[in-house]
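For reference, the structure discussed in these notes is given below.
Readers should treat all values here as calculations from the given coordinates under stated rules, not as data from a laboratory. Source: prediction; values computed, not measured. Cβ atoms come from the backbone with ideal geometry, glycine included; neighbour counts cover every protein chain shown.
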Amino acid sequence: SQQGEEDPQALSIQEGENATMNCSYKTSINNLQWYRQNSGRGLVHLILIRSNEREKHSGRLRVTLDTSKKSSSLLITASRAADTASYFCATDDRGSNDYKLSFGAGTTVTVRA
Amino acid sequence: ETGVTQSPTHLIKTRGQQVTLRCSSQSGHNTVSWYQQALGQGPQFIFQYYREEENGRGNFPPRFSGLQFPNYSSELNVNALELDDSALYLCASRRVHATDTQYFGPGTRLTVL
């Protein structure tokens, strides 16, 4: 079963606009990570936020984490056509010591030129 | 580029056959995990290897097995292939005892006819 759930399932925006997607999870976690996947290829790591952090930035990416609500958001600012991809959040279960990642079904983002 | 490589890129097999997929971990990473990603879904954890032993397993039957070699490369073996085994198979490597990023390879696309 999948731990995380991304929302929305799909998002279509104009180039230059911001894209926001959300992730909810069920168990206590060590970290939450966001990955990007282009056209069914490998996953590219975007950003990791630890359970004691609330916000993190990396370039045009901003991630927030609310452990009380078991949720995270990923904001991509000033989107570009190259941002077209599927985005996944992944969590590792604090109760487990194997650090396996549990993924949601992803948000498919389309950036229109 | 993550430094994690996988082979082959694509593979077509028929039901009942056996398949071996290969992964070469990123330098310095001694833990490797395998994930199965069905079309339109997020990756699902299969198992993890550390020091050539399996030390974590997801909800997959015993016909999914693996090996890790002293150079930290790894194999995923699937026996008695079923149609539902058609998926993208991803391997990921990381440093052990580090709650940090897992780096994914480009994946092997397996089609079972």
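Over all directions, the projected convex hull of the C-alpha atoms in the range B:17-113 averages 6.0 nm² in area. Taken about its Cα centre, the range A:1-80 carries a charge dipole of about 240 debye when Lys and Arg each add +1 at the Cβ and Asp and Glu each add -1 at the Cβ. Annotation: Cα Rg of the protein assembly as shown relative to the compact-globule expectation 2.2 N^0.38 Å equals 1.00. Over the C-alpha atoms of chain A, the Rg to Rh ratio, Rh being the Kirkwood estimate, stands at 0.96. Averaged over the residues of A:101-108, the number of partner chain Cβ atoms lying within 10 Å of the residue Cβ comes to 4.
The number of Lys pairs in the protein assembly as shown with C-alpha atoms less than 17 Å apart, excluding pairs fewer than 8 positions apart on the same chain, is 4. Counting only Cβ charges, +1 for Lys and Arg and -1 for Asp and Glu, the dipole size of chain B around its Cα centre is about 80 debye.
Of the trypsin sites (Lys or Arg not before Pro) found in the range A:58-88, those in coil by DSSP whose Cβ has at most 15 other Cβ atoms within 10 Å are A:Arg60, A:Lys69, A:Arg80.
The charge dipole of the protein assembly as shown, taken about its Cα centre with unit charges on the Cβ of Lys, Arg, Asp and Glu (plus for the first two, minus for the last two), comes to roughly 160 debye.
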